[in-house]
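Peer 1: One structure follows; several queries about it will come next.
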Amino acid sequence: MTTVTAQIPADWPATEERARAVQDGLRARVVLDEPGPPPGTGTVTGVDVAYDDARDVVAAAAVTLDAATLAVVAEATAVGRISFPYVPGLLAFREIPTVLAALDALPCPPGLVVCDGYGRAHPRRFGLASHLGVLTGLATIGVAKNPFTFAYDDPDAPRGSTSPLLDGAEEVGRALRTRAAVKPVFVSVGHRVSLDNACAHTLALAPAFRLPETTRRADALCRAALRAAAYPA
């Protein structure tokens, strides 16, 4: 496995005002009219991030799986300094540089990228999955553990049941039951994938647990990388 050091770009936003302006500029580039790769084909990569705020350290992991078998194909981690203060709605600016470094360190194309977070299901319709997709050109989806601020009805109990995740009358994602009678996950489009396909991918990636295997493996790997990080306190 490869581990690299992430660098904060020289022009990275340093203020909320600048970050929101960047969001506004990039949001118009999100592609919503492509279906994305068929579930169970090619590769799929999970990305996740862990922080140690006391040491000003962030670690990201990218774990690539064979989409048909869910076997691990490649892994990479990146460690760096936290690139932006904690501001709700702007979390991507804390994570993107390190996530990009981890993706770049993979020895193979990532295929579809699954983010532990949001895409269109974001107050400004531009969460981490959308931001990452626009910057890389990759097909991306967000699979979150909670619905953020959006409303939904509880899906029916069987696995595969869904209900709309709503901001008023607008469907910004779906609550998806990946295990029967277990709390749903919250799926949204990032870039170059349809919502139907995003839900199908999520189900295919979660044959035994609530969370997709991509998320489970990336979460464990980034936490291990954070514990091993040599940055001083």
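Peer 1: Inspect segment 154-172 for any residue being open to solvent by less than 10 Å² (accessible area, probe 1.4 Å) and in contact with a helix residue (DSSP H, G or I) (Cβ under 8 Å, 6 or more places away or on another chain) and give the result as yes or no.
Peer 2: Among the residues of segment 154-172, not one is open to solvent by less than 10 Å² (accessible area, probe 1.4 Å) and in contact with a helix residue (DSSP H, G or I) (Cβ under 8 Å, 6 or more places away or on another chain), which makes the answer no.
Peer 1: Looking for something aromatic (F, W, Y) and crowded, with 22+ Cβ neighbours inside 10 Å - is there at least one such residue anywhere in segment 125-132?
Peer 2: yes
Peer 1: Could you identify the single residue in A218, A144, A198, A228 that is closer than 21 Å to V63 by Cβ, of a type in the set (G, A, S), touching a strand residue (DSSP E or B) at 6+ places or on another chain (Cβ under 9 Å) and at pLDDT below 95?
Peer 2: Working: A218 fails: at pLDDT below 95; A144 fails: at pLDDT below 95; A198 fails: at pLDDT below 95.
Answer to the check: A228.
Peer 1: Looking at segment 181-190, is at least one residue surrounded by fewer than 18 Cβ atoms within 10 Å (Cβ to Cβ), in a helix (DSSP H, G or I) and either among the aliphatic types (A, V, I, L, M) or in contact (Cβ under 8 Å) with a residue 24 or more places away in the chain (or both)?
Peer 2: no
Peer 1: Could you list, in sequence order, the residues of segment 94-124 that are under 12 Å from the mean Cα position of the chain (by Cα), hydrophobic (A, V, I, L, M, F, W, C), part of a helix (DSSP H, G or I) and crowded, with 24+ Cβ neighbours inside 10 Å?
Peer 2: V99
Peer 1: Based on what the data block shows, is G36 touching a Ser or Thr at 6+ places or on another chain (Cβ under 9 Å), crowded, with 21+ Cβ neighbours inside 10 Å and assigned to a loop (DSSP other than H, G, I, E, B)?
Peer 2: Working: touching a Ser or Thr at 6+ places or on another chain (Cβ under 9 Å): yes; crowded, with 21+ Cβ neighbours inside 10 Å: yes; assigned to a loop (DSSP other than H, G, I, E, B): yes.
For G36, the condition - touching a Ser or Thr at 6+ places or on another chain (Cβ under 9 Å), crowded, with 21+ Cβ neighbours inside 10 Å and assigned to a loop (DSSP other than H, G, I, E, B) - is met.
Peer 1: Pull up segment 1-28, narrow it to residues that are over 18 Å from the mean Cα position of the chain (by Cα) and basic (K, R), then point me to the one that is surrounded by the fewest Cβ atoms within 10 Å (Cβ to Cβ).
Peer 2: Of everything passing the filter in segment 1-28, R18 is surrounded by the fewest Cβ atoms within 10 Å (Cβ to Cβ).
The values are calculated or read from the model by the stated rules, or taken from the named source; none is laboratory data. On a predicted model such as this, the values are computed, not experimentally measured, just so you know. Cβ atoms come from the backbone with ideal geometry, glycine included; neighbour counts cover every protein chain shown. All accessible areas refer to the heavy atoms of the entire protein, side chains included, with ligands and DNA or RNA removed. Shrake-Rupley method; radii C 1.70, N 1.55, O 1.52, S 1.80 Å.
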